[in-house]
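Presented below is the structure to which this report refers.
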């Protein structure tokens with residue numbers, strides 16, 4: 001995507017405006033509410049504000065900052081808590097949860113796995129709910145519900161009850177990725193989405209750091225001084241914090257930009273003009289089954305699915321077993337919790353690097369591979385060095401965390417490259433489901449018979465990341481080939497048609513020949 005001027009002053013010449021306004025005022029079949037996005041209906045009812053924005057343009061940099069402060073912090077908190085609520089099982093594993101609940105053999109791995117089974121099973125129903133309800137409201141409801149599920153984990157009395165609480169946690173967390181993808185696509189252009197995705201995705205790294213500190217703090221609670229074990233208080237406390245964030249998300253994030261009470265009509269028009277070049281729409285409740293069939297025939301969906309499965313297999317290993325691997329090197333539980341915290345710093349560094357890099361230079365595929373290279377190196381250090389070489393193994397364990405940053409880019413690709421409301425919701429669910437599949441596979445590579453080295457699991461991290469690098473490059477080749485076939489139409493696209501129904505027509509990326517894929 002070409003960069004957009006900071007001020008909306010280069011909108012159109014007088015002749016271009018006349019043509020655009022004439023086109024917008026001429027009735028067309030595409031103006032049917034079923035065939036056009038809700039954004040056009042708003043623009044059609046606020047032509048006076050559009051004329052005012054033409055004569056006195058809104059400063060886009062100021063407008064972006066205003067949106068950032070209202071939207072991104074809550075998205076960040078939601079993603080931080082969804083990761084933290086998952087990763088506390090990792091830290092509980094080095095506390096007393098195994099002894100308190102009498103977990104035997106592969107019970108711990110199964111509990112970690114079935115969270116993602118629940119998440120995966122609810123991805124398909126989630127498509128319907130995201131199509132029928134505002135993404136922000138649906139997200140807020142589910143964040144509140146999974147907070148309650150996390151808190152209920154504190155009441156577990158054995159393997160079965162802990163498993164049930166984690167399955168429900170997965171069911172409610174199924175919406176986090178798709179919802180944040182759809183919300184981000186409503187407020188930003190394709191190039192602007194990348195750093196915003198990276199910012200709320202920082203919640204993963206922050207969650208790793210906070211998880212270590214929280215685990216350490218709750219391990220300081222002596223059993224004699226509390227009626228509950230430290231891990232139970234940890235589950236209860238974090239669950240209640242999550243529920244509060246969910247309520248705030250429901251109340252504070254608008255359903256669409258058109259319903260933001262903190263934006264004036266002129267600012268809303270300026271925003272819609274600015275993001276009209278996405279050609280992915282903002283809000284359309286019509287469910288089109290044919291868009292799902294189109295997605296199922298689209299090669300990019302399968303390349304994306306395979307890439308995320310491979311990526312998440314490694315991520316699942318890091319999320320669930322990093323603290324255990326550190327403890328198996330001879331550290332006590334408190335040390336293991338604290339020494340896992342640098343993993344979060346590595347995640348944050350690479351996430352910021354990728355977000356900045358994509359915003360400045362695009363080439364998402366290259367930034368993904370740039371993260372996979374140090375992660376592969378880290379996996380090799382983990383796999384081939386003896387555990388007696390603590391410094392080398394720890395360095396490898398930390399470097400592997402570079403693998404978490406590319407997921408934000410895959411989320412961004414999904415928002416940018418799938419046009420059509422139903423198709424985009426379906427693709428977001430598939431990508432999120434792929435993440436679940438990878439996280440189901442990852443923990444299962446840790447088998448009790450392989451303890452304490454877990455060599456097969458470590459080797460799987462090397463192989464899956466190398467495979468992800470290959471599929472990512474194939475995605476780049478596919479997008480470049482598709483753009484070459486539609487180059488003439490894409491090059492003629494500007495913001496100036498934003499008042500025309502055709503700019504907001506309900507079309508998929510395949511149907512819209514002006515659509516251009518980002519890579």
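Coordinate-derived values only; no laboratory data. None of the values given here were measured: they were computed from a predicted structure. Cβ atoms come from the backbone with ideal geometry, glycine included; neighbour counts cover every protein chain shown.
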note = The residues 137, 423, sorted from fewest to most surrounding Cβ atoms within 10 Å, come out as 137, 423
message = Given a Förster distance of 25 Å, report the FRET efficiency between residue 106 and residue 335 from their Cβ-Cβ distance, rounded to the nearest 0.05.
response = 0.45
task = May I ask for log10 I(q)/I(0) of segment 60-504 at q = 0.14 Å⁻¹, from a Debye sum over the Cα atoms as equal point scatterers with solvent left out?
result = -1.30
remark   = By Cβ neighbour count within 10 Å, fewest first, 189, 157 rank 157, 189
inquiry  = Over segment 60-504, what is the relative contact order in percent, taking alpha-carbon pairs closer than 8 angstrom and at least six residues apart?
reply    = 26
ask   = If r is the Cβ-Cβ distance from residue 159 to residue 47 and R0 is 60 Å, what FRET efficiency results, to the nearest 0.05?
value = 0.45
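Provide 173, 290, 267, 511 in ascending order of the number of other Cβ atoms located within 10 Å of each residue's Cβ, fewest first.
Working: 173 28, 290 12, 267 20, 511 15.
Fewest to most other Cβ atoms nearby, the residues stand as 290, 511, 267, 173.
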note = The simple spin-label model distance between residue 262 and residue 293, using points 7 Å out along Cα→Cβ, in nm, is 4.4
